[in-house]
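S.K.: Before anything else, here's the structure in question.
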Amino acid sequence: MTDPTPVGIPGDLAWQRAAPDDATGAGPWIEIAFGDGESVYLRETSAPDTVVTTTLAKWDAFTLGVQAGEFDHFVDGT
């Protein structure tokens, strides 16, 4: 059984789960889907009806920041 698509979110999105290759169980995991145009969608597997929408430009800026270490202080505890 699949979860119903929230109102305003395209129903044909191909969700990609961010989980380790050896992950077991239901998570919770973050999932991302790229829509038509500039739309990027994020959700958590434990709450698939709650979807955050952003733009491709903002997503690209975020991922570049992660790669550059701009968010390391969140995981380092510093």
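Just so it is clear, none of the values below were taken in a lab; they were calculated from the coordinates. In this text, all values refer to a predicted model and were calculated from it rather than measured experimentally. So basically every Cβ, Gly included, is an ideal-geometry build from the backbone, and we count neighbours across all protein chains shown.
S.K.: Output the residues belonging to segment 3-18 that are hydrophobic (A, V, I, L, M, F, W, C) and under 11 Å from the mean Cα position of the chain (by Cα).
M.R.: Trp15, Ala18
S.K.: Could you count how many residues in segment 1-57 are surrounded by 11 or more Cβ atoms within 10 Å (Cβ to Cβ) and not in a strand (DSSP E or B)?
M.R.: Residues flagged as surrounded by 11 or more Cβ atoms within 10 Å (Cβ to Cβ) and not in a strand (DSSP E or B) within segment 1-57 amount to 15.
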